[in-house]
Amino acid sequence: MSDRLFGLAVIVVALGYILSATQIQTSFLSDPVGPKTFPYLIGGTAIICALAIILKPDAEPDWPSLWTFGKIGLAVLVLVAYAYALKPFGFVVPTAVAAGLLSYQIHPAAKSASLTGIGLSVGLFVIFKYALGLGLFAFSRSWF
Amino acid sequence: MDTLSLLADGFAVALTPSNLALAVIGCFLGTIIGALPGLGPSNGVAILIPLAFSLGLDATASLVLMTSVYYGAMYGGRISSILLNIPGDEPALMTTLDGYPMAKAGRAGDALVLSGVASFTGALLATFGLILLAPVLAQVAFKFGPAEYFALYVLAFCTLGGISSNNQAKAAIAACIGLGIAMIGLDNVTGMPRLTFGSMQVMDGVNFLVAIVGLFAVTEVFVFIESHGRESALGVKLGKITIPWRDIIFTFPSMLRSTVIGFFAGVLPGAGASLGSFMSYTAEKAIVKDNSKFGHGDPRGVAAPEAGNNAAAGGALVPMLTLGVPGSGTTAVLLALLMTLNITPGPTLFTDRPDVVWGLIASLLIANVVLLILNVPMVKIFVRILMVPAWVLLPGVTMISFVGIYSLSGSSFDLLLMIGFGIMGFFFRKLDIPTVPVILGILLGNNMEDNLRRAMVISGGDWTYLFSSWIAIGLWIAAVVGFVAPMFLRGVIKRPQAITD
Amino acid sequence: MVNGIIKRIALGAAFSVALASSALSAECIAPANPGGGWDFTCRTIGKIMYDIGAVDAPIQVTNMAGGGGGLAYALVVNERNNDPDLIVAASSATATRLAQNAYGGLTADQVRFLGAIGADPGIIAVAKDSPYKSLNDLIDAVKADPGSVTFAGGSAAGGFDHLKVLMALGRAGFNDIKAVKYVGLDGGGDAITQAIGGHVQAVTGDMSEVVGFLKSGDIRVLAVFTNDRVPGFDDIPTAKEQGIDVVAVNWRGLYVPKGITEDQYNTWVERLRKVAESDEWHEAMVSHGLAPFTLLGHDFETYLDGVIKEVAQLSRDIGVIQ
């Protein structure tokens, strides 16, 4: 069933992909293949393979429980928030918070999680900034 | 003829105590950079170029430092592949397939030592190849026009089905996803944007590093949360670390074969180390008699891609030095370094600046030996990574991945994309869809398309041009065989067992 | 207590950041693979700026190939618009593509051009064993059968390398632009390799890209698109001498993000002026076949406005844009 749903999703996406490929601007010059051919071929191949999967699906995988999905969803949220926080708030604080939260999810112990967060944040900053010379900012530039 | 005396001169230049110290530092830094997900050899060399200038190093010393970093990163990429199932850089992608299963079985130390020896073999032989064959091999690059390159890429994709999945359709879909993503952005031939939906963020395409780190590192976090570490190598009881002589002897023929394949992939500008390790792996899987263990911790599956990618790293220096055309991202950066030192690689480099060429070759050999010496004892330290509690290690790896990606592009969009790839990777893992073809699609898709389109411009739309040389025809035959053989042989050879645990 | 620790860590990190940022190195983006003209611009200008003390830290060069420079342009406009430590290599190719609206709708006024400090003469070259001995041989061959000659260059179709060919053919009376075969590769080095290998018949590019192969004798330069022969390459005839009145030089310069202050802009202009006046730059120009061509700051911006209008008109004339 999962394979069939996946196959169906691939077909929908591939059709959308082919549809948007029809909108690609073509060039004015000698270019027999053109910018659309490859996207068409890719979409077409994907559809054929998706049909093959729908007709001959593999055994059903073990899906995790809803509760586990919730936990993974939470981890995704933490990472997304982290992605948005890096630019405005600098490296150190968002990293400490995000690393701490992830650590807590894996091993629910507040003390070790917060120490992990702070340790990783400061340690990685020092390594990346000074050993590898990456252009990172520790804190928001507007704080100074 | 006087190759030996030239090489001796090269060693005389490169083997000063300060240069040796630089080699050790370079190898160490390179190994670490290579092992960190998101930072590969090209970033490593690029990041350290300013260091060479601020230290005020002369041409030879800079070269020693940079080649050590280059080779070090090629060695280092495998460490996180084996231990964490996260490729440290793109050529180390294939090492995850068998290296990680070995680690899960408690053989992390063996896998690391073995891959170290394979890397050494590949790199050493490739350096000799460079010494003996560089001028001849430069001619090979001339032979490859758009038609030949296109056939080469077709060959790569046709052998995809054989890598890791039990289901060819799934591998093909994964490749299509990668290729489809590669199309996004400015079209190299017309210079006009494609499939960007007006978004400026994807105008420059999707960076394959974002995909690698997302599909491997971020996915690993989700899988760990789901399985509570049951399917991870973390905390696995480690065997005593010894040198696995039996594996080394057993895989030695694989290393030699892979070195040849990798070296030639490296020599071709536009093929590079990733293709080298990929083709080494698929070729090895096709050649050996009993390949049922591939994908489940076959030591040959570790030795082949590592010998292949390190040989490719040496091979890539051939077009870089003799033509001034870089064969990979990393040689592009090395080329840039040479140019800043007022050395212009090109057809006259070997005669104009033998000191530079032979100094470089000598420093490659030095770096290689230093790396082997550094790496084998360091395995004991590396495997300790697996003893780090998961609640420290996984957040750490995640944060490193984020910083690696963020520091390269400085955009939160790439980070979101990376998380998206992570989610996709999680579902793919559940559905038993291989993620390696996605990366290869992103990595090679544009080159494949550009070469087809160039070929068709040259021939005026005549498709027979694609088969117009013996090299092209040979590659096409190999591609067809590689694609069809698994289908017909499926009944004959035993199908690999589906992973049931 | 945790708060106190964080504060202390914050303070320590703040000091180190303040220390580190003073020595922060600027970045120069070369929007092509190493080995091409833009790469040369970044590396040489960047190195000289540091050597003569115009900047405190070595300038880090990043290669960002793709879309004929469009990838880098989009990055500067979209993501680095306020970065005062960023310079980007530019050339006639940049202006050409802006004039043709080839950067996905981005326009020339979305960045600020600093200046040009040298010009790379355009050339057309063939492999040493090619039957074409002069520019007119090549043009006659195209006239006789456009399908028989493929040109390769380091820029995408419609780019400056491509336009040079079309202009030369146009002057010679051949205007069937759609029939001219051109392939764009990821840099001049790749294009030359393809020509030497016999996969394409001619290379269109710049003098600096062919110097190494010229020395080794692997290629023959048929014509250089300058008014006079280029010093140091006196045996190469100009297109003009051969009756094809095309002058196409590729100026080498830089642009910076639009969002930086006037002061920051002027600082970069002054740094570039110092490079232009340095002995090191003059040496570099000679060894790379560049002709002197210095225009800085607002003078350059005015000049460029004119050039872009002209190229846009030319592109319409030859049908490259509507």
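The values are calculated or read from the model by the stated rules, or taken from the named source; none is laboratory data. Computed from a prediction, not measured in an experiment: that's the story for all the values here. Cβ coordinates were reconstructed from backbone atoms using ideal geometry, including for glycine residues, and neighbour counts include every protein chain displayed.
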Check your understanding: Which residues, taken from the stretch B:197-231, are at pLDDT below 80 and under 19 Å from residue B:424 (Cα atoms)?
Key -> B:202, B:205, B:207, B:208, B:209, B:227, B:231
Point to revise | Residue check, residue A:121 modelled with pLDDT of 85 or more, more than 7 Å from chain B (Cβ to nearest Cβ) and surrounded by fewer than 23 Cβ atoms within 10 Å (Cβ to Cβ) | key: no
Review point. Does residue B:444 meet the test of being in a helix (DSSP H, G or I) and either more than 26 Å from residue B:187 (Cα to Cα) or without any contact (Cβ under 8 Å) to a residue 12 or more places away in the chain (or both)?
Key: no
Study note, to complete from the structure: Note on the stretch C:65-92: residues more than 11 Å from chain B (Cβ to nearest Cβ) and part of a loop (DSSP other than H, G, I, E, B) are C:81, C:82, C:84, C:85
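Table: residues versus (1) over 25 Å from residue B:316 (Cβ atoms); (2) modelled with pLDDT under 90; (3) among the polar types (S, T, N, Q); (4) buried (at least 24 other Cβ atoms within 10 Å of the Cβ).
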site	(1), (2), (3), (4)
B:109	yes, yes, no, no
B:122	no, no, no, yes
B:125	no, no, no, no
B:131	no, yes, no, no
Check your understanding: Taking residue A:61 and the conditions (1) surrounded by fewer than 16 Cβ atoms within 10 Å (Cβ to Cβ); (2) more than 9 Å from every other protein chain (Cβ to nearest Cβ), which numbered condition does it fall short on, given that it satisfies the others?
Key -> (2)
Check your understanding: residue B:427 passes all but one of (1) within 11 Å of chain A (Cβ to nearest Cβ); (2) hydrophobic (A, V, I, L, M, F, W, C); (3) within 17 Å of residue B:184 (Cα to Cα); which number fails?
Key -> (3)
**Study point:** For residue A:26: the one exception among (1) part of a loop (DSSP other than H, G, I, E, B); (2) assigned by TED's automatic domain parsing to the domain that holds residue A:139; (3) of a type in the set (S, T, N, Q)
**Key:** (2)
Practice item. May I ask you to verify whether residue C:166 is modelled with pLDDT under 90, closer than 18 Å to residue C:223 by Cα and not assigned by TED's automatic domain parsing to the domain that holds residue C:292? Key: yes
**Study point:** the stretch A:29-46 - residue that is among the β-branched types (Val, Ile, Thr) and part of a helix (DSSP H, G or I) and, of those, farthest from the other protein chains (Cβ to nearest Cβ)
**Key:** A:37
Check your understanding: Of all the residues that make up the stretch C:245-263, how many are crowded, with 17+ Cβ neighbours inside 10 Å and either touching a Ser or Thr at 6+ places or on another chain (Cβ under 8 Å) or at pLDDT 90 or above (or both)?
Key -> 11
Point to revise | Breaking point among (1) under 20 Å from residue B:334 (Cβ atoms); (2) modelled with pLDDT under 80; (3) in a helix (DSSP H, G or I), for residue B:88 | key: (3)
Check your understanding: Is at least one residue of the stretch B:455-472 more than 9 Å from chain A (Cβ to nearest Cβ), over 22 Å from residue B:295 (Cβ atoms) and modelled with pLDDT under 85?
Key -> no
Practice item. For the stretch C:286-294, state whether one or more residues are assigned by TED's automatic domain parsing to the domain that holds residue C:59, surrounded by 18 or more Cβ atoms within 10 Å (Cβ to Cβ), touching a residue at least 60 places away in the same chain (Cβ under 8 Å) and assigned to a helix (DSSP H, G or I). Key: no
Practice item. Being more than 9 Å from chain B (Cβ to nearest Cβ) and touching a residue at least 24 places away in the same chain (Cβ under 8 Å) is the filter; apply it to the stretch C:43-64 and report the residue that is nearest to residue C:212 (Cα to Cα). Key: C:45
Practice item. State whether one or more residues within the stretch B:339-352 are closer than 25 Å to residue B:3 by Cα, among the aromatic types (Phe, Trp, Tyr) and modelled with pLDDT of 85 or more. Key: no
Review point. Applying the selection to the stretch A:7-51, what residues are touching a residue at least 12 places away in the same chain (Cβ under 8 Å), of a type in the set (A, V, I, L, M, F, W, C) and touching a helix residue (DSSP H, G or I) at 6+ places or on another chain (Cβ under 6 Å)?
Key: A:10, A:11, A:14, A:18, A:21, A:42, A:46, A:47, A:49, A:50
Exercise for review: Find the strands (runs of 3 or more DSSP E) located wholly in the stretch C:109-206 whose residues include 1 or more that are closer than 30 Å to residue C:298 by Cα and touching a Gly at 6+ places or on another chain (Cβ under 7 Å), and list them.
Suggested key: C:111-127, C:202-206
Exercise for review: Could you check residue C:33 against (1) in a helix (DSSP H, G or I); (2) facing chain B (nearest Cβ under 10 Å); (3) modelled with pLDDT under 85; (4) in contact with a helix residue (DSSP H, G or I) (Cβ under 8 Å, 6 or more places away or on another chain) and say which number it fails?
Suggested key: (1)
Exercise for review: Go through the stretch C:217-236 residue by residue and tally those that are assigned to a loop (DSSP other than H, G, I, E, B) and at pLDDT 90 or above.
Suggested key: 3
